[in-house]
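Structure provided below as structure tokens; questions to follow.
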Amino acid sequence: MGREAPDAETLRRAFRREVTRTQRKSDGTVSLEGVRFELPSRYRGLERLTLRYARWDLRSVELVDPKSGASLCPLFPLDKTRNAEIGRRRTKRSPTRSRPTPRRPPRRRRSCAP
């Protein structure tokens, strides 16, 4: 009496690594095995990221909740060509980071006395 073998997808998911990486704040990417992956904008506030992936197949990288182990979203490799072609939108700076511009006092006029 034998047991049924799991399907290919189940086997693929069983042999995945889970690692922690730091997000690059400048462009919202994370590096894994020498390849950069883009993060969805809603996760850009996270500093430490937990990723799950198979070393032999970087096409299926997932962002994982470190506490529950649940998959949050798939990550895709950075497309440098497409990134170079699209325009950038301005991001709002947080009020704690922005510095007020110093105001100069008005210049005093010298009076010419005869």
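The values are calculated or read from the model by the stated rules, or taken from the named source; none is laboratory data. As the structure is a prediction and not an experimental result, all values here were calculated from the model. Please note: Cβ atoms are built from the backbone with ideal geometry, for glycine as well, and neighbour counts cover all protein chains shown.
Output the qualifying pairs, or none if there are none: Cβ atoms under 8 angstrom, residues six or more apart or on different chains, first residue in the stretch 19-44 and closer than 19 Å to W56 by Cα and without any contact (Cβ under 8 Å) to a residue 12 or more places away in the chain, second residue of a type in the set (K, R) and loosely packed, with under 13 Cβ neighbours inside 10 Å.
Once the first residue is closer than 19 Å to W56 by Cα and without any contact (Cβ under 8 Å) to a residue 12 or more places away in the chain and sits in the stretch 19-44, its partners that are of a type in the set (K, R) and loosely packed, with under 13 Cβ neighbours inside 10 Å give S31/R24.
From the residues in the stretch 6-18 that are free of Cβ contacts under 8 Å to residues at least 24 places away in the same chain and exposed (fewer than 11 other Cβ atoms within 10 Å of the Cβ), which one is nearest to K67 (Cα to Cα)?
Initial filter on the stretch 6-18 (free of Cβ contacts under 8 Å to residues at least 24 places away in the same chain): 6-11, 13-14.
When the remaining residues are screened for being exposed (fewer than 11 other Cβ atoms within 10 Å of the Cβ), the result is 7-11, 14.
Values: D7: 27, A8: 27, E9: 24, T10: 22, L11: 23, A14: 19 Å.
Among residues in the stretch 6-18 that are free of Cβ contacts under 8 Å to residues at least 24 places away in the same chain and exposed (fewer than 11 other Cβ atoms within 10 Å of the Cβ), the one nearest to K67 (Cα to Cα) is A14.
Hey, any hits in the stretch 68-82 for a residue that's touching a helix residue (DSSP H, G or I) at 6+ places or on another chain (Cβ under 9 Å), modelled with pLDDT of 85 or more and either part of a strand (DSSP E or B) or surrounded by 12 or more Cβ atoms within 10 Å (Cβ to Cβ) (or both)? Break it down stepwise before answering.
Within the stretch 68-82, the first condition is being touching a helix residue (DSSP H, G or I) at 6+ places or on another chain (Cβ under 9 Å), and the residues that meet it are 72-73.
Retained after the next criterion (residues that are modelled with pLDDT of 85 or more): 72-73.
From what's left, either part of a strand (DSSP E or B) or surrounded by 12 or more Cβ atoms within 10 Å (Cβ to Cβ) (or both): 72-73.
Yes: the stretch 68-82 contains one or more residues that are touching a helix residue (DSSP H, G or I) at 6+ places or on another chain (Cβ under 9 Å), modelled with pLDDT of 85 or more and either part of a strand (DSSP E or B) or surrounded by 12 or more Cβ atoms within 10 Å (Cβ to Cβ) (or both).
Next question. When you go through (1) free of Cβ contacts under 8 Å to residues at least 40 places away in the same chain; (2) farther than 20 Å from R82 by Cα; (3) in contact with a helix residue (DSSP H, G or I) (Cβ under 9 Å, 6 or more places away or on another chain); (4) not acidic (D, E) one by one for R3, which number turns out not to apply?
(3)
Next question. Mind counting the residues in the stretch 19-64 that are farther than 12 Å from L78 by Cα, loosely packed, with under 15 Cβ neighbours inside 10 Å and of a type in the set (D, E)?
3
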